[in-house]
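The values are calculated or read from the model by the stated rules, or taken from the named source; none is laboratory data. Please read these numbers as outputs of a predicted model, since none were measured by experiment. Glycine also receives a Cβ, built like all others from the backbone with ideal geometry; neighbour counts cover every protein chain displayed. Accessible surface is based on the protein model in full, side chains and every heavy atom, while ligands, DNA and RNA are left aside. Shrake-Rupley method; radii C 1.70, N 1.55, O 1.52, S 1.80 Å.
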Amino acid sequence: MKKIIFRIFLLCFITVLAVVARGQNFAGEIAAFKKQDAVSFPQKNAILFTGSSSFTNWQDVQEYFPNFPIINRGFGGSSLTHLIQYENDIIIPYQPKQVVIYCGENDIAGSDSVTGKMVAERFIQLFQDIRRQLPGTHIAFISMKPSPSRWHMKERLMEGNQLIKTFLKKQSNAAYINIWNAMLGTDGKPMQAIFIEDNLHMNANGYAIWQKIIEPYLLK
């Protein structure tokens, strides 16, 4: 009996450690954002870009949108669950007039059991959290992109995109930004020339496509 109790205790302890470890995945990145804010806090009513590495790597995003005040709070490898976890650190404090979200890919890539429906449900939770705390803020979602390295996940990515698009159509002060089609070649597959060597992240050509599609959605 003692051995059984010990094993149960050990299993619970390991589970708690795993949960804590997941919660600390991006502690350094969040701390870096806060340190940056302590030096110079961004202006209110700016446009906040938040999400995963497609934003993290867009270091010169302000140069692509010179007529809009941009705050970039993307942190590479993050999923929608992480955005929800850190929303009170990297979204709400800035009181932006618009939040532009690119996230969801890593949710799907992280587990074969994560469906497009689950990604949509996570996005809806994040959307509702932001809407509750920042009721006047416009919320835009950039569709999950097609990439050569994740092309085998396309069905789940497309399902998530479609469900989020359907949800946002019913919301006021919100937008779905479709970048999927523009990133496909004439063969219907992701254009190789717009990605760097890892076949996942974009080069300047890819971001140029995003700039043209996203800019009309940004608030003046």
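Things to note:
- Counting only heavy atoms of the protein chains and using a 1.4 Å probe, TRP151 has close to 50 Å² of accessible surface.
- With Cα atoms, 0 to 90° folded angle of helix 204-214 axis to the chain main axis: 80 degrees
- Selection from ALA175, GLN192, LEU134 lying farthest towards where the dipole of the chain points positive, charges on Cβ: LEU134
- Segment 60-72 - phi-based ³J(HN,Hα) in whole Hz, Karplus 6.51/-1.76/1.60, Gly and Pro as x: 9, 4, 4, 5, 6, 10, x, 8, 10, x, 10, 10, 9
- The 3J(HN,Hα) values that the Karplus relation (6.51, -1.76, 1.60; θ = phi - 60°) gives for segment 121-131 are, in residue order, 5, 5, 4, 4, 4, 4, 4, 5, 4, 5, 4 Hz. Gly and Pro appear as x.
- With a simple spin-label model that places each label point 7 Å from the Cα along the Cα-to-Cβ direction, the separation between ALA193 and GLN43 comes to 3.8 nm.
- Within segment 100-133, backbone nitrogen closer than 20 Å to the virtual label 7 Å beyond the Cα of GLU155 toward Cβ: 105-121
- Pairs of Cα atoms in segment 64-206 fall into 10 Å distance bins, from 0 up to the last occupied one, in shares of 11, 41, 36, 12, 0 percent.
- Summed over the residues of the chain and divided among them, the accessible surface reaches 51 Å² per residue at a probe radius of 1.4 Å.
- Spherically averaged projected area of the convex hull of Cα atoms, segment 52-139: 5.7 nm².
- Close amide H contacts of GLN98 (hydrogens built in the peptide plane, cut-off under 5 Å, sequence separation of 5 or more or a different chain): LEU48, HIS138.
- Only protein atoms count toward the accessible area here, which uses a 1.4 Å probe; on segment 126-183, the carbon and sulfur part of that area reaches 51 percent.
- Unit charges on C-beta of K, R, D, E only; dipole of the chain, Debye: 720 debye
- Projecting label points 7 angstrom from Cα along Cα→Cβ for ASN178 and GLU215 puts them 2.1 nm apart.
- Amide H within-cut-off set for PHE195, under 5 Å, with H built and near neighbours excluded: ASN203
- The accessible-area ordering, largest first, of the residues LYS169, LYS154 stands as LYS169, LYS154, per a 1.4 angstrom probe.
- Seen against the Cα atoms of the chain and their longest principal axis, helix 27-39 is set at about 50 degrees.
- Cα lying deepest toward the dipole's positive end in segment 22-176, options ILE164, ILE90, GLY104, charges on Cβ: ILE164
- Between 0 and 90°, nearest 10: helix 154-169 axis offset from the chain longest Cα axis: 70 degrees
- In sequence order, calculated HN-Hα J values of segment 141-148 (Karplus, 6.51, -1.76, 1.60; Hz; x Gly/Pro): 10, 8, 4, 4, 8, x, 9, x
- Ranking SER78, SER113 by solvent-accessible area of protein heavy atoms (1.4 Å probe, all protein chains present), from largest to smallest, gives SER113, SER78.
- Only beta bridges with both residues in the chain are counted; by DSSP, about 10 percent of them are antiparallel.
- With 27 Å as the limit on Cα-Cα distance, the pairs of LYS35/LYS212; LYS117/LYS169; LYS154/LYS220; LYS44/LYS117; LYS117/LYS170 that go past it are LYS35/LYS212; LYS154/LYS220; LYS44/LYS117.
- The amide H of PHE26, built 1.01 Å from its N in the peptide plane, has no neighbour under 5 Å, considering only residues 5 or more places off or on other chains.
- Helical mean residue ellipticity (222 nm; -39500 (n - 2.57) per DSSP H run of 4+; nearest 500) of the chain: -14000 deg cm²/dmol
- Sorting LYS44, LYS170, LYS165 by accessible area puts them as LYS170, LYS44, LYS165; the probe is 1.4 Å, largest comes first, and only protein heavy atoms count.
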